[in-house]
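Below is one structure; the comments refer to it alone.
The values are calculated or read from the model by the stated rules, or taken from the named source; none is laboratory data. Keep in mind that what you see is a predicted model, and the values were worked out from it rather than measured. Because the Cβ atoms are built from the backbone with ideal geometry, glycine has one as well, and the counts that use them run over all protein chains shown. What goes into the accessible areas is simple: the full protein's heavy atoms, side chains included, and nothing from ligands, DNA or RNA. Shrake-Rupley method; radii C 1.70, N 1.55, O 1.52, S 1.80 Å.
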Amino acid sequence: MREVRVRARVALDARTALARLTTSAWHGRLDGDALRVTTGKRPPTSGASAEPATPLDIESPPGIEAVPGRPVSPAGPAGVGSDDDRLSEWALPFRGGTVRWRQREWTPAAPADVSSAAPGIAFEQVDGDFAALSGAWNLLPGPGDASCEVVFEARFDLGVPMYDRVVEPLLARVLARAVRAVLAAAYGHVETEEDPPTIPAPERQVAAALSAAL
């Protein structure tokens, strides 16, 4: 399971910042080379046929076949299709192909120990190219009433052991870049921080070697 976490300080209070994320206005301001997001339809009700998932068409390492899409039963997770749920479709350009998925989004209860925090947005894949994908956008109040911290957290798994060290670190880095594109589309220019960094270990070693040589 791979984790991605991106933080950004936003010059808005938490609830105003949350309102920016829950509207679709920022979809049209996205950098299409980094990410495409559209509002989808609700999952079919139990008993109806689910839309087939799009196969993963990433460029695979030699000798490794791409992972097929893994549709999740529309009657699976509790709450799918409820009045408070939203559904969106995501397309992430990756290594000459596209990783696609549909996710349901809902507003969880605000943390009991942070009464002034906005509830945030939780999400999980309904169907698509990941074996598993879930996470949340959390909004934490800043030191003043006019600022907050937006924290994106996600966990994903492609479901192929050989991808753990080859593809997933690269995909995590691309996903982190896509999150920065969402933040820019929703809030304008913001400073972001990855925690932990998603640069794959081999690239960190190369960067360290170059730094030592200079």
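Modelled this way, with points 7 Å down the Cα-to-C-beta line, the labels at Thr22 and Met162 are 4.5 nm from one another. The simple Förster model, with R0 at 25 Å and r as the Cβ-Cβ distance, assigns Trp106 and Ala132 a FRET efficiency of 0.90. If r is the Cβ-Cβ distance from Ala146 to Arg29 and R0 is 30 Å, what FRET efficiency results, to the nearest 0.05? Efficiency computed from Cβ-Cβ geometry: 0.85.
Of the whole protein surface, Trp26 contributes about 10 Å² of accessible area at a 1.4 Å probe radius.
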